[in-house]
1. Could you name every one of the strands (runs of 3 or more DSSP E) located completely within region 29-76 that has at least 3 residues being in contact with a Leu (Cβ under 9 Å, 6 or more places away or on another chain)?
2. Exactly one condition in (1) within 30 Å of Arg262 (Cα to Cα); (2) modelled with pLDDT of 95 or more; (3) in a loop (DSSP other than H, G, I, E, B) is not met by Tyr135; state its number.
3. Need at least 2 residues that are in contact with a Lys or Arg (Cβ under 9 Å, 6 or more places away or on another chain) and at pLDDT 95 or above per element, so show me which strands (runs of 3 or more DSSP E) inside region 180-276 make the cut, counting only ones lying wholly within it.
4. When you scan region 228-257, how many residues do you find that are surrounded by 21 or more Cβ atoms within 10 Å (Cβ to Cβ), more than 25 Å from Glu63 (Cβ to Cβ) and hydroxyl-bearing (Ser, Thr, Tyr)?
5. If you scan region 101-125, which residues turn out to be part of a helix (DSSP H, G or I) and either in contact with a strand residue (DSSP E or B) (Cβ under 7 Å, 6 or more places away or on another chain) or under 21 Å from Glu165 (Cα atoms) (or both)?
6. Give just the number: which of (1) within 22 Å of Lys204 (Cα to Cα); (2) buried (at least 22 other Cβ atoms within 10 Å of the Cβ); (3) not charged (D, E, K, R) does Asn184 not satisfy?
7. Before we move on, is Thr84 modelled with pLDDT of 95 or more, of a type in the set (Ser, Thr, Tyr) and part of a strand (DSSP E or B)?
8. Can we say Ala128 is in contact with a Lys or Arg (Cβ under 8 Å, 6 or more places away or on another chain), of a type in the set (Gly, Ala, Ser) and modelled with pLDDT of 95 or more?
Amino acid sequence: MIPQGEQRIDTSYAIGYHLTPALYGGQSMMPAFTFFAVEKGNMTLIQFSNGINMMVDCRRSAERPSPLDYLRAKIDKLDIVVITHPHQDHVTGLQEVCEFFRPKHFWHCGRYFRPDPVFDDWSFYEKARKGELLYCAPMAVRAGQTVRIGDSQINILAPKLPFIEGTIDDVNNNGIVFAVVTGNSKIIITGDTQEEQWETIDPKLLEAVSILLASHHGRETGFSKKTLTAMRPQRIIISDGAPCDTDATAKYQQIAPVSTTRNNSVVVAATQTTAV
């Protein structure tokens, strides 16, 4: 197993003016974000100011701690699970996590997809999506919805109805995209959004981004120059393992500083005035 560690990004200086007023203006406290090293997949923990914990996607890797082990090292409870879309690299480890923590809320994109072959965590995802878990209430999220958690507001940017059909990958293009807005900070969380879905999102909702979790693990298929021009992110996180032939890290580095999970997890949190 690869030795584990964390890269820490202190929001008080590393990100800049989009985040600093939110942290030190006396009004709001930004959540802590952990982008876990799971090789070629996504898994993010968001710890909100009021104690609510949210996991976005999960992926089990033979090279890394399990999703459950990662979470147990950081939290005692998990309140919300978000699965951006039900591809294998976004849901493995889901059943183990949910059966241990028994989260009360399960957010999903609402679009049915059956993999071939079917695997256990997808079957568990379907149970959660259909409301068959007694402890967990499902919600199909849609563009335009907003949810207030602690000092933050979550703005759902995608998917939109009707679902996008006829693209190279309709599952990727109907996943959940959302912004976590706290004061003047804006963190964009994506799954595997491609150009067709980026085109459905109002560019004004993407302006002045503090941190972007790069779509589709930093690959060419998720890279949209038009979208990134609207965002002007101050930092980009790429959740991926060893670079593949379609890796777009170099392109992202022309936009903003890039941190990757290829060696270890990436934590974005205040360290000067707040214990995380």
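1. 32-35, 53-56
2. Evaluating Tyr135 over (1) within 30 Å of Arg262 (Cα to Cα); (2) modelled with pLDDT of 95 or more; (3) in a loop (DSSP other than H, G, I, E, B) leaves (1) as the failure.
3. The qualifying strands (runs of 3 or more DSSP E) are 211-213, 258-260, 265-269.
4. Of the residues in that region, 0 qualify.
5. Those that are part of a helix (DSSP H, G or I) and either in contact with a strand residue (DSSP E or B) (Cβ under 7 Å, 6 or more places away or on another chain) or under 21 Å from Glu165 (Cα atoms) (or both): Asp121, Trp122, Tyr125.
6. Here Asn184 meets the rest and fails (2).
7. no
8. For Ala128, the condition - in contact with a Lys or Arg (Cβ under 8 Å, 6 or more places away or on another chain), of a type in the set (Gly, Ala, Ser) and modelled with pLDDT of 95 or more - is not met.
The values are calculated or read from the model by the stated rules, or taken from the named source; none is laboratory data. Quick caveat, the model's predicted, so the values are computed rather than measured. Virtual Cβ from ideal backbone geometry, glycine too; neighbours counted across all protein chains shown.
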